[in-house]
1. Pop a pseudo-label 7 angstrom from the Cα along the beta-carbon direction at both VAL139 and ILE79 and give the gap in nm to one decimal.
2. What list of ³J(HN,Hα) couplings, whole Hz, do you get for segment 30-43 from phi and the Karplus terms 6.51, -1.76, 1.60, once you set θ to phi - 60° and write x for glycine and proline?
3. Note the full-extension length gain between GLN270 and ALA306 as 0.36 nm times their separation in residues minus their Cα-Cα distance, in nm to one decimal.
4. Taking LYS245 as the anchor, which aspartates and glutamates have their alpha carbon closer than 19 Å to its alpha carbon, excluding any fewer than eight residues away along the same chain?
5. With +1 on each Lys and Arg Cβ and -1 on each Asp and Glu Cβ, and nothing else charged, work out how big the dipole of the chain is about its Cα centre, in Debye to the nearest 20.
6. How far, in nm, would the chain grow between SER68 and GLU262 when pulled straight, counting 0.36 nm per residue and subtracting the alpha carbon separation?
7. Over all directions, what mean area does the Cα convex hull of segment 120-232 project, stated in square nanometres?
8. Which residues in segment 199-226 have a backbone N closer than 13 Å to a point placed 7 Å from the Cα of LYS91 along the Cα-to-Cβ line?
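Readers should treat all values here as calculations from the given coordinates under stated rules, not as data from a laboratory. Just so you know, these numbers come straight off a predicted model, no measurement behind them. Cβ atoms come from the backbone with ideal geometry, glycine included; neighbour counts cover every protein chain shown.
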Amino acid sequence: MDVQRFIEAQVQEISRIVGGGKAINALSGGVDSSVVTLLGHRAVGNRLETVFLDDGLMRDQEPEFVVSAFAPFGVNVKIIRVHDRFFKALKGIEEPEEKRKAFRDTFYKCLGEAVRASGATFLLQGTIKADIIETQKGVKTQHNILEQIGIDPQAGYGFKVIEPVRELFKPDVRKVAAALGMPPSISQRMPFPGPGLATRCLGEVTPERIAVVRQAVKIVEEETAGIKAFQCFAALLKDQATGVKSDGSRQFGHIIAVRCVESEDAMTAQPVHLSWEVLRRIESRITHEISGVSRVLYELTPKPPATIEYI
Ligand code: XMP
């Protein structure tokens, strides 16, 4: 792939489509939406409004990270806090696809409102090839796929969608990110799914349960920082199990699964052979630092038959 040519072609294409109009994009802090942000910024400058929907399902400190990562590029990220809308939409839902649909619907409603408030008529999205394939195969509802499955964003939500990286798989998106001048903290960042921690929370998504899984994800990311892997994270299982606290009292507590996989393009994945030392450190930190956790498991399943995320 000729990265420079790709960048030039996409910048030209975005500028041709948007013309003298306004565009908006939702930046998540992942490499896909980061690339789209910079391509759009190069193409139409300040006529691109970049928003970050703070949905309450992101990693720890994510809004702060995104604002400071894009400031050097002259991109002003507008944070829109919509925690309550997402928790309300997800309340009581346990079925995975229903959760994904509730997320997607709330995401586009919030984004649709941001689009209308901004006066933009185009939405730039970081959809990549793997997202399209998985959704078309019916494996799961990716949050950012609309037109490919017959939902008209113009009629449904009020904007036209531009997807500059829809033909690329993750490794090429990373190359484009590096060529655009992004630091490795973004260009090499582990993928994080659009529906965020909701994909790592089996059972009901509540602020309390998300707080537990957020802290566990943070610990796993910290303890595996130097390890070569496509993704390392934690998930909160729906069930609970019996444990015993240091004071000898019994607790029926949370079960956290730790998942660390190697993959090229997320279409298939293999579990990573973490050292016993790393695994024990993760277990010890999770059980000591997060109250109410009674068990920590390490997952061995490749993709297929499992998917990478838990819903
Ligand atoms: P699965 O769980 O399908 O994940 O094996 C494959 C890759 O995609 C990420 N993922 C998502 N990314 N929106 C996204 O932007 C989504 O709805 C979504 N679901 C999964 C996942 O983290 C992995 O890298």
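1. 3.3
2. x, 5, 5, 6, 5, 4, 4, 4, 6, 4, x, 5, 5, 6
3. Gain on extension, GLN270 to ALA306, equals 12.0 nm.
4. GLU283, GLU289
5. Result for the chain is approximately 280 debye, rounded to the nearest 20.
6. 66.9 nm
7. Mean projected area for segment 120-232: 9.1 nm², to one decimal.
8. Within reach of a label on LYS91: 205-207.
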